[in-house]
Amino acid sequence: MRLLFPSHPLHSQQPDDSYLEEFTAFRQVGVSCSVVDIDALGNGLSGIRPAIGAGEPVLYRGWMLAPERYRQLTQLIEEAGGRPITSFGNYLRCHHLPGWYEACRSFTAETRFFSDDDELLHKVSCLGWESFFVKDFVKSNSTGQGSIARSPEEVVEIVSQIRAHRGGIEGGVALRRVEDYDEASEQRYFVLNGVAYSAYGETPALCREIAQYIDAPFYSIDLARRQDGVTRLVEIGDGQVSDRKSWPQDAFVKMLAQYA
């Protein structure tokens, strides 16, 4: 396996500063690493350095990519002779909320999906919910009034803030029923080739159960305890673009390095 990191904007053969420590740590344990100019994808100017070996499996490790940008990355890997470990379909399955929601709906907050259009206010009003957690298919709102809306009108306001802050709505609008989580209890886990991993100790039973429902090579699972004591699924994400959060770097490197 070869790991592929975003390149530094000024030094094309070095990783971006945000990933330099991981890049170095993986190379120190013998994992092959390369860099790619993410910004140049699709214009024929992006190359992978060092080059990929023929038939070599490649796992990306970097920033979130919009669907078309990730498709361009997989095409570049294939043109270079490699094989993307996470296909375009598997990337969307974990990166976009609708990709994993149906398989895990009994473990997570009730969610409805909408188009970002002029009918949004009317459609949200028909739900009859008292409050809404608002996000697009990837991320929630980190600016302005946050992600919790108390009325359909506030939903529209938050969607507008997401659109302005991120330059658009990715995929569509996702409205989730608000569940009262103990924020301090939230933990991130990773699933690699069907095996669930924890940074500290054994993985919870719910994490292992979810791993049986989501068939993708590498993804993250965020679990939190609700105020009534029930453990719930907060989110699933593509592992390639998921932050380590509380994971020590050496634990994360050890997990991935065993498949190199």
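The values are calculated or read from the model by the stated rules, or taken from the named source; none is laboratory data. Quick caveat, the model's predicted, so the values are computed rather than measured. Here the Cβ is made from the backbone with ideal geometry for all residues, glycine too, and neighbour counts use every protein chain on show. Calculation scope for accessible area: heavy atoms of the full protein, side chains included, ligands and nucleic acids excluded. Shrake-Rupley method; radii C 1.70, N 1.55, O 1.52, S 1.80 Å.
Determine whether region 12-19 contains at least one residue that is in a strand (DSSP E or B), open to solvent by less than 20 Å² (accessible area, probe 1.4 Å) and within 17 Å of Leu256 (Cβ to Cβ).
Within region 12-19 (the criterion being in a strand (DSSP E or B), open to solvent by less than 20 Å² (accessible area, probe 1.4 Å) and within 17 Å of Leu256 (Cβ to Cβ)), the answer is yes, since at least one residue qualifies.
Among the listed residues Phe113, Phe133, which satisfies the condition of being part of a strand (DSSP E or B), more than 21 Å from Glu186 (Cα to Cα) and aromatic (Phe, Trp, Tyr)?
Phe113
Any idea how many residues of region 20-53 are surrounded by fewer than 18 Cβ atoms within 10 Å (Cβ to Cβ) and either in contact (Cβ under 8 Å) with a residue 40 or more places away in the chain or of a type in the set (Gly, Ala, Ser) (or both)?
13
Tell me whether region 159-167 contains one or more residues that are under 29 Å from Leu3 (Cβ atoms) and either over 21 Å from the mean Cα position of the chain (by Cα) or modelled with pLDDT under 95 (or both).
Among the residues of region 159-167, at least one is under 29 Å from Leu3 (Cβ atoms) and either over 21 Å from the mean Cα position of the chain (by Cα) or modelled with pLDDT under 95 (or both), which makes the answer yes.
Could you grab me the full set of residues in region 130-146 that are buried (at least 16 other Cβ atoms within 10 Å of the Cβ) and either at positive phi or touching a Pro at 6+ places or on another chain (Cβ under 9 Å) (or both)?
Answer for region 130-146, where residues must be buried (at least 16 other Cβ atoms within 10 Å of the Cβ) and either at positive phi or touching a Pro at 6+ places or on another chain (Cβ under 9 Å) (or both): Phe132, Phe137.
Among the listed residues Gly167, Gly172, Gly146, which satisfies the condition of being touching a Phe, Trp or Tyr at 6+ places or on another chain (Cβ under 8 Å) and over 28 Å from Met255 (Cβ atoms)?
Criteria check complete, one pass: Gly172.
Testing Leu127 on (1) touching a strand residue (DSSP E or B) at 6+ places or on another chain (Cβ under 7 Å); (2) in a loop (DSSP other than H, G, I, E, B); (3) open to solvent by 70 Å² or more (accessible area, probe 1.4 Å), one condition comes back false. Which one is that?
The failed condition is (3).
Being open to solvent by 10 Å² or more (accessible area, probe 1.4 Å) and not hydrophobic (A, V, I, L, M, F, W, C) is the filter here; which residues of region 83-94 pass it?
If the condition is that a residue be open to solvent by 10 Å² or more (accessible area, probe 1.4 Å) and not hydrophobic (A, V, I, L, M, F, W, C), then Arg83, Pro84, Ser87, Gly89, Asn90, Arg93 are the ones that fit.
Within region 202-219, is there a residue that is closer than 15 Å to Thr108 by Cα, among the aromatic types (Phe, Trp, Tyr) and touching a helix residue (DSSP H, G or I) at 6+ places or on another chain (Cβ under 7 Å)?
Yes, some residue in region 202-219 is closer than 15 Å to Thr108 by Cα, among the aromatic types (Phe, Trp, Tyr) and touching a helix residue (DSSP H, G or I) at 6+ places or on another chain (Cβ under 7 Å).
Mind listing just one residue for me: the one in region 86-126 that is over 15 Å from Ile210 (Cα atoms) and aliphatic (A, V, I, L, M) and, of those, nearest to the chain's Cα centre (by Cα)?
Going through the qualifying residues, I end up with Leu92.
Give just the number: which of (1) modelled with pLDDT of 95 or more; (2) at positive phi does Phe23 not satisfy?
(2)
Filter region 85-98 down to residues that are part of a helix (DSSP H, G or I) and free of Cβ contacts under 8 Å to residues at least 24 places away in the same chain, then give me how many there are.
2
Listed residues Gly201, Gly168; which is closer than 22 Å to Ala66 by Cβ and out of contact with any Cys (no Cβ under 9 Å at 6 or more places or on another chain)?
Gly168
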